[in-house]
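Just below is one structure, and these are the notes that go with it.
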Amino acid sequence: MDKGLVVQFVISTLLRYWLCHSEFKSLLQDRVEISNPINAWKNLVEGVTLMKDQVNPYDGDIFHESPLILHMFKFIIGNDNPYVQQSIPFIFILCDLLSAILLYYMAQSYMIQMVQIEKQNKHKYAKNITRILINIEDLVNVPKYVALAYLYNPFSILNCICLTSTVFANFFLCLFFFAFVTQKPILSSIALTLTVQQNIYPITLLVPACVHFHQYKKSWRLFLAGFLLCYSGFLYFCLGLMNQDTSFLAATYGFQLTVPNLQPNIGLFWYFFTEMFEHFRVLFIVAFQINSIFLYVLPLTLRLYKEPVLVAICLTGLAAVFKSYPCVGDIALYLALMPLCKYLFPFMQQGFIVACFFIGCSMFAPTVWHLWIYTRSANANFYFGVTLAFATSQIFLLTDLLFAYLKRDYTLENGIQKTIKGKPARLVLD
């Protein structure tokens, strides 16, 4: 890591620290785009307060985080020492910085692997395709881009300064990606366990991880057995923390899967189930959750079997779009992973459109929310229209990324110049 990047880490730390102690924090902390019923700081404080008063925080409809996060903050929020209270923002800032460091070293390892793969397969490639191969400069630049994309992404900054528990979810997911790419089965299983204990949706990453370890002659069975053992141990540990009370399962996983709280957010569930007739609810809950968790795993893995890291990135992005309670922090993570696919950028076509949608929706969402909630000159349809456009733009981005991979793969084997009956042709998404 060079000095220039270290300076960027320092600047991003100071930026987060300043924003954490500015009036922006109080203005933004309750924004539905940033906080939701699972990750909100005020819900975590309420959960710790209830536990301190000998009340089970999972009995009501307030606290839905994992027991691990609850007990971790019990010693911090419950401490009356003013120095401990002042250190709380530093915990979130430090976690964000560690996430960026893990992403940097993960990207470094991934680019080295990609260059080695291209060297091994060079005899299979067409002639005159040198300019679309990964160059030596990318070995240095791409890890920097990944780290900076996380450090300076407005979504990750907002996620940090509003003290949402998604900061820890992102850290665990970054740890998983680091261990996954650097081929560490045991660390990967531990990291995925820590990720899944907060959020059920990353369970889909089991499949690309097993494929990756199998390809690199690592024991995928060791990874899978390690995950099952770690996760079983975690559940047993949580039961011990909660005095053998299993109510936390319904309040965490059950809450995510059944979607009882229909508070608006940047996802799609809340609007559909607000308008849904009650006797159709179970059917559509099952349909939505199958779409969120299972539907894309097998097709993506089979088609992109040689690129399990790309599959993992896409599954992370799809989870951020389709999960029941998404927030901007979820989006920040998979956007930070996009520079890993820099070698696909020349084949992407929707970048400008997606960027315009991202900027437009980020501006319109708070505006429409104000019109709906405060001035009452709009309604839920307006806000859902913005969230639907935002979700659509993310799907455009992921679709464009996948098709760019297919176009590059075809070009490597068949050459850059494409002709049909002697006339120039190009690959397009139909």
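Values in this text are rule-based calculations from the coordinates and carry no lab data. Just so you know, these numbers come straight off a predicted model, no measurement behind them. No Cβ is skipped: glycine too gets one built from the backbone with ideal geometry, and neighbour counts run over all protein chains shown.
Where does helix 67-77 land angle-wise versus the long Cα axis of the chain, in degrees 0 to 90, nearest 10?
Roughly 60 degrees between the two axes.
Which trypsin sites (Lys or Arg not before Pro) in the stretch 352-409 pass both tests, a DSSP loop state and at most 15 other beta-carbon atoms within 10 Å? Let's see the in-between values first.
Numbers: sites: R376, K407, R408; in loops: R376.
Within the stretch 352-409, the qualifying trypsin sites (Lys or Arg not before Pro) (loop, at most 15 other Cβ atoms within 10 Å) are R376.
For the stretch 117-168, evaluate the Debye formula with one uniform point scatterer on each Cα (no solvent term) and list log10 I(q)/I(0) at q = 0.18, 0.19, 0.24, 0.31 Å⁻¹, rounded to two decimals.
Debye output, listed in q order: -0.70, -0.73, -0.92, -1.12.
Determine, for K306, K184, K217, the number of other Cβ atoms within 10 Å of each Cβ, and report the residues in order from fewest to most.
Starting with the residue having the fewest Cβ neighbours, the order is K217, K306, K184.
List, in order, the whole-Hz ³J(HN,Hα) value for each residue of the stretch 29-46 obtained from phi through the Karplus relation with A = 6.51, B = -1.76, C = 1.60 and θ = phi - 60°; use x for Gly and Pro.
Computed from phi, the couplings for the stretch 29-46 are 4, 9, 5, 5, 6, 9, 10, 9, x, 8, 9, 5, 5, 5, 5, 5, 4, 5 Hz.
Which part of the stretch 362-406 falls in the paramagnetic zone of Q349, meaning amide N under 20 Å from the point 7 Å along Cα-to-beta-carbon?
The answer is 392-406, whose backbone nitrogens lie closer than 20 Å to the label point.
Please compute P(r) over all alpha-carbon pairs of the stretch 78-136, binned at 5 Å starting from zero, and give each bin as a whole-number percent.
For the stretch 78-136, the pair-distance distribution reads 4, 14, 14, 12, 10, 8, 8, 7, 6, 5, 5, 4, 3, 1.
Could you state the principal axis extents of the C-alpha atoms in the stretch 95-188, from the largest down, to the nearest angstrom?
52, 31, 17
Rounded, prolate or oblate: which fits the stretch 39-91, taking a ≥ b ≥ c as square roots of the Cα gyration tensor eigenvalues, rounded meaning a/c under 1.5, else prolate when a/b beats b/c? Walk me through the numbers on the way to the answer.
Details: a/c = 2.26, a/b = 1.64, b/c = 1.38.
Verdict is prolate for the stretch 39-91.
What ³J(HN,Hα) values, in whole Hz, does the Karplus curve 6.51 cos²θ - 1.76 cosθ + 1.60 give for the stretch 253-270 when θ = phi - 60°, with x put for Gly and Pro?
5, x, 5, 5, 8, 9, 6, x, 8, 9, 4, x, 8, 8, x, 10, 4, 4
Run the helix sum for the chain: -39,500 (n - 2.57) per DSSP H stretch of 4+ residues, divided by residue count, reported at 222 nm to the nearest 500 deg cm²/dmol. Don't skip to the answer; put the middle values down first.
Working: 20 runs with 282 residues, N = 430.
My calculation for the chain gives -21000 deg cm²/dmol from helical runs alone.
Placing +1 on the Cβ of each Lys and Arg and -1 on the Cβ of each Asp and Glu in the chain, which of A391, L239, Q183 has its Cα farthest towards the positive end of the resulting dipole?
Positive-end residue among those listed: Q183.
In whole Hz and in residue order, list the ³J(HN,Hα) couplings for the stretch 115-130 that follow from phi through the Karplus curve 6.51 cos²θ - 1.76 cosθ + 1.60, θ = phi - 60°; x for Gly and Pro.
5, 5, 5, 5, 5, 5, 9, 4, 5, 8, 7, 6, 7, 6, 10, 4
Setting aside same-chain residues fewer than 8 positions from K74, which lysines have a Cα under 16 Å from its Cα?
K42, K52
Can you give me the angle between helix 206-215 and the longest principal axis of the chain, using Cα atoms only, in degrees from 0 to 90, rounded to the nearest 10?
Approximately 40 degrees, to the nearest ten.
What's the ranking of 95-106, 321-332, 222-233, 172-183 by average number of surrounding C-beta atoms within 10 Å, highest first? Don't skip to the answer; put the middle values down first.
Details: 95-106: 21.6, 321-332: 25.0, 222-233: 16.6, 172-183: 23.2.
So the peptides 95-106, 321-332, 222-233, 172-183, ranked by packing, come out 321-332, 172-183, 95-106, 222-233.
How do Y201, Y145 rank when sorted from fewest to most other Cβ atoms within 10 Å of their own Cβ?
Details: Y201 23, Y145 17.
Lowest count first: Y145, Y201.
Helix 308-322 sits at what angle to the longest principal axis of the chain, using alpha carbons and giving 0 to 90 degrees rounded to 10?
The helix 308-322 is inclined about 40 degrees to the chain.
Two decimals is fine: what's Rg over Rh for the chain, C-alpha atoms, Kirkwood radius as Rh? Don't jump to the answer; show the numbers that get you there.
On the way: Rg = 22.4 Å, Rh = 23.0 Å.
With Rg and the Kirkwood Rh in hand, the quotient comes to 0.97.
Treating the beta-carbon of each Lys and Arg as +1 and of each Asp and Glu as -1, no other charges, what is the dipole magnitude of the stretch 47-162 about its Cα centre, to the nearest 20 debye?
Numbers: 8 positive and 9 negative charges, 189 e Å.
With only Lys, Arg, Asp and Glu charged at Cβ, the dipole is about 900 debye.
At a 10 Å Cβ-Cβ cut-off, how would you order H279, H370, H64, fewest neighbours first?
Values: H279 7, H370 12, H64 27.
In order of increasing Cβ crowding within 10 Å: H279, H370, H64.
Note down the magnitude of the dipole of the chain about its Cα centre, charges +1 on Lys and Arg C-beta and -1 on Asp and Glu C-beta and zero elsewhere, to the nearest 20 debye. Please report the intermediate quantities before stating the final value.
Details: 29 positive and 23 negative charges, 400 e Å.
Rounded to the nearest 20 debye, it is 1920 debye.
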